[in-house]
Each structure stands twice: as structure tokens, then as C-alpha cells.
Amino acid sequence: MKLKEIMELLDATLLCGEDKLDMEVEGAFASDFMSDILAYVSDQKLLLTGMINPQVIRTAEMVDMHFILFVRGKMPDANMLALAEDSDIAVLSTKKLMYTSCGLLYKNGVR
Amino acid sequence: MADIVFEYQVDGSDYHRAGEASRSTKSNLKKLGFPSDIIRRVGICMYEGEINMVIHADGGVAKVVIGLDDITIILKDKGPGIPNIDLAMQEGWSTADAQANDLGFGAGMGLPNMKRCSDEMNIDTVVGEGTTVTMKIKTK
Ligand SMILES: Nc1ncnc2c1ncn2[C@@H]1O[C@H](COP(=O)(O)OP(=O)(O)OP(=O)(O)O)[C@@H](O)[C@H]1O
Ligand SMILES: [Mg+2]
């Protein structure tokens with residue numbers, strides 16, 4: 001799925017990274033534990049998380065992810081968004097819960 | 001050719017800035033043209049270690065030495081030390097406090113992942129004096 005299709009599917013708001021809307025998202029990973037992300041992500045490029053602080057952006061950068069989707073309506077602050085832009089990562093936010101978001105993505109081919 | 005060395009002071013009081021030394025290292029290695037899988041392994045090792053220095057040891061000094069055949073990361077702190085390294089190396093074992101948990105750390109996964117992502121890892125620790133973690137990633 002393209003990022004813009006994921007945006008529609010999850011009713012998400014794009015907070016930065018407009019240039020990435022047409023990029024293909026093939027795999028996703030979901031966790032609130034940074035060390036799990038650092039240990040288990042292989043080549044998934046989309047991170048779903050309900051954790052909100054600047055370490056989420058740095059963690060995603062360390063494992064070369066391109067997209068972060070905050071669930072449960074979590075909203076990053078300006079400092080986090082600046083960090084994401086600097087790391088070339090697109091950031092989205094959805095009101096949907098983690099389970100629902102993952103289910104919808106999985107059902108639509110993002111594995 | 002002489003080694004290239006980067007050195008960073010890691011502030012132990014600023015949980016939100018922790019990880020900036022690792023970001024800077026990642027960007028330096030990109031500029032130097034290292035392959036992405038090497039950069040990724042260095043990034044993961046250094047970031048886990050840098051976060052550990054902040055959440056467990058009140059900060060320290062991070063040094064990255066780029067040699068001809070490998071990259072060495074040296075993380076030196078004057079924290080409490082690690083009383084039982086075997087236990088600390090076990091997946092799931094953590095003494096992280098609530099503040100670290102709030103940031104998403106404290107799963108007890110950092111040290112085992114640092115070991116897995118590096119070619120060599122050594123922990124030199126004295127209780128009450130501090131810890132030095134040295135990790136080597138081969139580039140040839
Ligand atoms: N630099 C350090 N100084 C003192 N103790 C440390 C240091 N690094 C690690 N430890 C100890 O070793 C334990 C295990 O470390 P590890 O990085 O594996 O897990 P964690 O930091 O607790 O959680 P995670 O890395 O999953 O977020 C820590 O909980 C802490 O007790
Ligand atoms: Mg750790």
C-alpha cells in the first residue's frame with residue numbers, strides 16, 4: 001500500500017513528510033518498547049506505536065524506518081516533528097487503537 | 001592512514017536528548033560512505049549503549065574510533081557499575097526505573113542486542129566506580 005492509502009484506511013493525519021505520500025509501504029512493526037523495535041525490526045519501514053517522546057523518532061531512525069504512525073490519537077510536539085524531518089521520516093497520527101490499526105493494515109496486505 | 005575519532009559528552013540528566021551522539025555518528029558514517037548494514041549495526045549498538053549510560057549511569061563519554069578494518073565504540077561512565085554481568089546480559093532482566101519505562105526503555109533487551117549486532121563486545125565494570133562498554137564492528 002502507498003502511504004496515502006494507509007492514511008485514508010486509518011483515517012490518519014499526516015504531520016510531516018508530504019514527499020513520502022506516494023511511497024510504497026511493504027512491511028510494518030508495532031511496539032511501545034524501543035528495545036523491541038531495535039531488536040526485532042528487520043526491513044519493515046512503518047512503525048506503529050502509542051509511545052510518544054523523541055526516542056521514538058531516534059529509535060526508528062536507528063533501524064532505518066521511513067514512516068511512524070502514532071495510534072490512540074497521540075500527537076507529537078514540534079520538537080519531535082523537527083527531529084523527524086531532520087531524520088527524513090514521515091509522521092502520521094490516527095485516533096484508532098493499536099489493535100485495530102494493525103488489523104486493518106494486515107488485512108490490506110501490509111505484513 | 002590515521003584513525004578517525006569522534007568523541008561525545010553524553011548528558012545524564014537530559015532523557016529527551018539522549019541518543020544524539022548516536023544520530024551524529026550515523027550521519028558521520030553516511031558521509032564517510034560506509035555500507036548501510038554496517039551503519040545500522042553501529043547505530044543500534046551505540047544507541048542502546050548511549051541510552052543505558054543515561055538511564056542507568058547518569059551519562060558519560062562516548063567515543064567512536066574508525067580504523068582501517070573496523071569501527072570501535074567505547075562508552076565510558078562513572079555510574080553504579082553492573083554487579084552481575086551474566087544476569088544483565090539475560091534477555092528480559094532490567095533494573096530500569098519508571099522514568100526509563102515512560103520513554104519505552106527497560107525491557108532488558110539492550111545488552112543482548114548490542115552483543116548480537118557487534119562482532120566483539122566487552123564490558124569492564126567495577127561496582128561503585130563505573131562501566132566501560134567496548135564494541136567492535138568489522139568493516140572488512
Ligand atoms: N552503563 C550501565 N551502568 C550500570 N548498569 C547498567 C549499564 N548498562 C546496563 N546496566 C544494567 O544492566 C541491565 C540490563 O541492561 P539492558 O540494556 O539489557 O536492559 P535495560 O536497559 O534495562 O532495558 P532495554 O535496554 O530493553 O531498554 C540494566 O537494567 C542495568 O541494571
Ligand atoms: Mg538498555
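The values are calculated or read from the model by the stated rules, or taken from the named source; none is laboratory data. Given the structure is predicted, the values throughout are model-derived calculations rather than measurements. A quick note on method: Cβ atoms are made from the backbone with ideal geometry, for glycine too, and the neighbour counts reach across all protein chains shown. Accessible surface areas use protein heavy atoms only, side chains included; no ligands, DNA or RNA. Shrake-Rupley method; radii C 1.70, N 1.55, O 1.52, S 1.80 Å.
Keeping all protein chains in the complex and leaving out DNA, RNA and ligands, what accessible area do you get for B:Asp97 with a 1.4 Å probe, in Å² to the nearest 10?
70 Å²
With every protein chain present, what is the per residue accessible area of segment B:10-108 (1.4 Å probe, Å²)?
Working: 4360 Å² over 99 residues.
Per residue, segment B:10-108 has an accessible area of 44 Å².
Which ³J(HN,Hα) values in Hz, rounded to whole numbers, follow from the phi angles of segment B:104-109 under the Karplus curve 6.51 cos²θ - 1.76 cosθ + 1.60, where θ = phi - 60° and Gly and Pro get x?
x, 10, x, 8, x, 10
Would you rank A:Ser42, A:Ser101, B:Ser13, A:Ser87 by solvent-accessible area, highest first, keeping every protein chain in place and using a 1.4 Å probe?
B:Ser13, A:Ser42, A:Ser87, A:Ser101
What area, in nm² and to one decimal, does the C-alpha convex hull of chain B cast on average over all directions? Before the final figure, lay out each step's value.
Details: hull surface 31.9 nm².
In nm², the orientation-averaged hull projection of chain B is 8.0.
Which whole-Hz ³J(HN,Hα) couplings does segment B:10-18 yield from phi under the Karplus relation 6.51 cos²θ - 1.76 cosθ + 1.60, θ = phi - 60°, glycine and proline marked x?
9, 6, x, 9, 10, 5, 7, 8, 3
So for segment A:3-107, taking the charge dipole from beta-carbon charges (+1 Lys/Arg, -1 Asp/Glu), which of A:Ala39, A:Val25, A:Leu104 sits furthest toward the positive end?
In segment A:3-107, that residue is A:Leu104.
Any chance you could look up the accessible area of A:Asp32 with a 1.4 Å probe, heavy atoms only, rounded to 10 Å²?
Accessible surface of A:Asp32 is approximately 50 Å².
Looking at segment A:59-85, which residues lose a minimum of 30 Å² of accessible area between their chain alone and all protein chains in place, measuring with a 1.4 Å probe and not counting ligands or nucleic acids?
A:Glu61, A:Met62, A:Asp64
Total Lys pairs in segment B:21-140 closer than 19 Å by alpha-carbon, pairs eight or more apart in sequence or interchain only?
Counting lysine pairs in segment B:21-140 gives 22.
Taking all protein chains as present, what is the carbon and sulfur share of the accessible area of the protein assembly as shown, in % to the nearest whole number, probe 1.4 Å? Mind dumping the intermediate values first?
Details: 5920 of 11800 Å².
Answer for the protein assembly as shown is 50 percent, counting heavy atoms of protein chains only.
How high is the relative contact order of segment B:98-140, in percent, counting Cα pairs under 8 Å that sit 6 or more residues apart? Please list the in-between numbers first.
Numbers: 30 pairs, mean separation 12.6, N = 43.
This gives 29 percent for segment B:98-140.
Which of the listed residues, B:Thr95, B:Tyr15, B:Ile4, is farthest toward the dipole's positive end in chain B, when Lys, Arg count +1 and Asp, Glu count -1 at the beta-carbon?
B:Ile4
Along the principal axes of its C-alpha atoms, what lengths does chain A span, in descending order and rounded to whole Å?
31, 28, 24
Cross-link partners among lysines for A:Lys107, C-alpha distance below 20 Å, same-chain residues fewer than 8 apart left out?
A:Lys2, A:Lys4, A:Lys45, A:Lys95, A:Lys96
May I ask for the angle, rounded to the nearest 10°, between helix B:20-31 and the longest principal axis of chain B, with both axes built from Cα atoms and the value confined to 0 to 90°?
Tilt of helix B:20-31: around 20 degrees.
Using only protein heavy atoms and a 1.4 angstrom probe, determine the accessible area buried between A and B, summed over both sides, in Å² to the nearest 100.
What A and B bury together is about 2100 Å².
Between segment B:94-131 and segment A:2-65, what's the alpha-carbon centroid distance in Å?
Segment B:94-131 and segment A:2-65 have Cα centres spaced 25 Å from each other.
Report the label-to-label distance for B:Asp3 and B:Asp69 in nanometres (one decimal), using points 7 Å from each Cα along the Cα→Cβ vector.
Those two pseudo-labels are separated by 1.4 nm.
In nm, to one decimal, how far is the B:Lys78 label point from the A:Ala82 one, both placed 7 Å along Cα→Cβ?
Simple spin-label model gives 3.1 nm for this pair.
Kindly sort B:Arg23, B:Arg116 by accessible area of their heavy atoms, largest first, with the probe set to 1.4 Å. Each step should come with its number before you reach the end.
Values: B:Arg23 25, B:Arg116 150 Å².
Listed by decreasing accessible area, they come as B:Arg116, B:Arg23.
Suppose we compare each residue of segment B:91-115 in its chain alone and in the full protein complex with a 1.4 Å probe; which ones drop by at least 20 Å² of accessible area?
Checking the loss per residue gives B:Asp102, B:Leu103, B:Gly104, B:Phe105, B:Ala107, B:Met109, B:Asn113.
With a 1.4 Å probe on protein heavy atoms only, tell me which residues of segment B:1-50 lose at least 50 Å² of accessible surface in the complex relative to the chain by itself.
Flagged in segment B:1-50: B:His16, B:Arg23, B:Lys26, B:Arg40, B:Tyr47.
I want the local charge near A:Asp19. Using Cβ-Cβ distances under 11 Å, sum +1 for each Lys or Arg and -1 for each Asp or Glu among the other residues.
Working: positive: A:Lys20; negative: A:Glu18, A:Asp22, A:Glu85, A:Asp88.
It works out to a net charge of -3.
Could you pull out every residue, at least 5 positions away or on a different chain, whose amide H is within less than 5 Å of the one on B:Met109? Hs are placed 1.01 Å off N in the peptide plane, and Pro or chain starts have none.
B:Gly92
At a 1.4 Å probe radius, which order do B:His56, B:His16 fall into by accessible area, largest first?
So, going from the largest accessible area down, we get B:His16, B:His56.
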